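Novice: Sharing a structure below in structure tokens format, with a few things to ask.
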Amino acid sequence: MELIVQKREILGKQVESLREQGLIPAELYGHGLENIHLSVPAREFLKVFKEAGESTIIKLKVSAQGGSAAGGESEKLKVGDEINVLIYDIQKNSLTDEISHIDFYAVRMDEKITTSIPLEFIGESPAVKEKEGTLVKAMQALEIRALPADLPRNFEVKLSSLSEIGMSIHVKDLTVPNGVEVLVEPETVIAIVVEKAKEEVEEKPMTVGEVKVEGEEKKEKEGEIKEEEGKPE
């Protein structure tokens, strides 16, 4: 996947003007690079991010509009250069939920990296559907080590194997591609089905007799109030 980016000179609070133009301010850092300030077309980035996520290698290409990067080792980055990166982090506007900033991390294809790969839960547990169990997801991502080209986009966790309450899925149950080293203990629980918690105190339906007593108590209280009002001060 390729994403065209531009070098930016606008910094600080002035980056708001970039967002108004449909650009997202970004930072690139990594091997042999000082921090490089970039801007990324929002529409193009959203397309790539939807497909790649945070664990797929993306090629950043410096457009002619961006010019060469400035400062120290970063001068090696020239117009037309392609840099292999991961989407390291994104920040969102808390009010609009729009992406407001991106961090890219440059990687070398011949060096292994450590990162977290998201877990994708597939299907439905029969123990939840048919036996009123509760599914507890103990993990949402798995830490691994691999060459950038070997990074999986996600790990599938098939919930259909959880047919009974008390059954669980462990790290060792996942299908791991060749070249990927999992950095989590094999016996670590990913998901488990537990018995649905029962209410400690069940609501007891009110009987006709109790309704009558409540009504009589209300009348007595009203009578007491009227009697107090009628007393001379």
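The values are calculated or read from the model by the stated rules, or taken from the named source; none is laboratory data. No experiment lies behind these values; they were computed from the predicted model shown. A quick note on method: Cβ atoms are made from the backbone with ideal geometry, for glycine too, and the neighbour counts reach across all protein chains shown. Heavy atoms of the whole protein, side chains included, go into the accessibility calculation; ligands, DNA and RNA do not. Shrake-Rupley method; radii C 1.70, N 1.55, O 1.52, S 1.80 Å.
Novice: Take ILE117 and decide whether it is surrounded by 17 or more Cβ atoms within 10 Å (Cβ to Cβ), at pLDDT below 95 and over 30 Å from GLU2 (Cβ atoms).
Specialist: When the stated conditions are applied, ILE117 does not pass them.
Novice: Considering only segment 39-60, state which residues are in a helix (DSSP H, G or I) and of a type in the set (D, E, K, R).
Specialist: We begin by selecting, within segment 39-60, every residue in a helix (DSSP H, G or I); these are 42-52.
Result: ARG43, GLU44, LYS47, LYS50, GLU51.
For (1) among the β-branched types (Val, Ile, Thr); (2) at pLDDT 85 or above; (3) open to solvent by 40 Å² or more (accessible area, probe 1.4 Å); (4) under 25 Å from LYS112 (Cα atoms), each residue gets a yes or a no:
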{"site": "LEU3", "(1), (2), (3), (4)": "no, yes, no, yes"}
{"site": "ARG8", "(1), (2), (3), (4)": "no, no, no, no"}
{"site": "GLY12", "(1), (2), (3), (4)": "no, no, yes, no"}
{"site": "GLN21", "(1), (2), (3), (4)": "no, no, yes, no"}
{"site": "ILE24", "(1), (2), (3), (4)": "yes, yes, no, no"}
{"site": "HIS31", "(1), (2), (3), (4)": "no, no, yes, yes"}
{"site": "GLU34", "(1), (2), (3), (4)": "no, no, yes, yes"}
{"site": "ALA42", "(1), (2), (3), (4)": "no, yes, no, no"}
{"site": "LEU46", "(1), (2), (3), (4)": "no, yes, yes, no"}
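Novice: Name the residue, out of GLY67, GLY80, that is open to solvent by less than 30 Å² (accessible area, probe 1.4 Å), farther than 14 Å from LEU33 by Cα and modelled with pLDDT under 90. Working first, answer last.
Specialist: Numbers: GLY80 fails: open to solvent by less than 30 Å² (accessible area, probe 1.4 Å).
Sole residue among the options that is open to solvent by less than 30 Å² (accessible area, probe 1.4 Å), farther than 14 Å from LEU33 by Cα and modelled with pLDDT under 90: GLY67.
Condition check ((1) over 26 Å from the mean Cα position of the chain (by Cα); (2) modelled with pLDDT of 90 or more; (3) small (Gly, Ala, Ser)) across all residues:
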residue	(1), (2), (3)
ALA141	no, yes, yes
SER168	no, yes, yes
ASP173	no, yes, no
GLY179	no, yes, yes
GLY209	yes, no, yes
LYS219	yes, no, no
GLY223	yes, no, yes
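Novice: With respect to GLU124, determine if the residue is open to solvent by 90 Å² or more (accessible area, probe 1.4 Å) and either at pLDDT 95 or above or not in a loop (DSSP other than H, G, I, E, B) (or both). Give the steps one after another, and end with the answer.
Specialist: Details: open to solvent by 90 Å² or more (accessible area, probe 1.4 Å): yes; either at pLDDT 95 or above or not in a loop (DSSP other than H, G, I, E, B) (or both): no.
When the stated conditions are applied, GLU124 does not pass them.
Novice: Determine, yes or no, whether ARG108 is part of a loop (DSSP other than H, G, I, E, B), modelled with pLDDT under 90 and within 20 Å of the chain's Cα centre (by Cα). I'd like the intermediate steps shown before the answer.
Specialist: On the way: part of a loop (DSSP other than H, G, I, E, B): yes; modelled with pLDDT under 90: yes; within 20 Å of the chain's Cα centre (by Cα): no.
So ARG108 does not fit the description; no.
Novice: When the residues of segment 141-166 are narrowed to those that are open to solvent by less than 50 Å² (accessible area, probe 1.4 Å) and in a helix (DSSP H, G or I), which ends up farthest from SER125 (Cα to Cα)?
Specialist: Residue satisfying both the conditions and the ranking: PRO148.
Novice: Check whether at least one residue in segment 167-190 is touching a residue at least 24 places away in the same chain (Cβ under 8 Å), farther than 18 Å from GLU54 by Cα, open to solvent by less than 70 Å² (accessible area, probe 1.4 Å) and assigned to a helix (DSSP H, G or I), and report yes or no.
Specialist: Yes, the conditions are met somewhere in segment 167-190.
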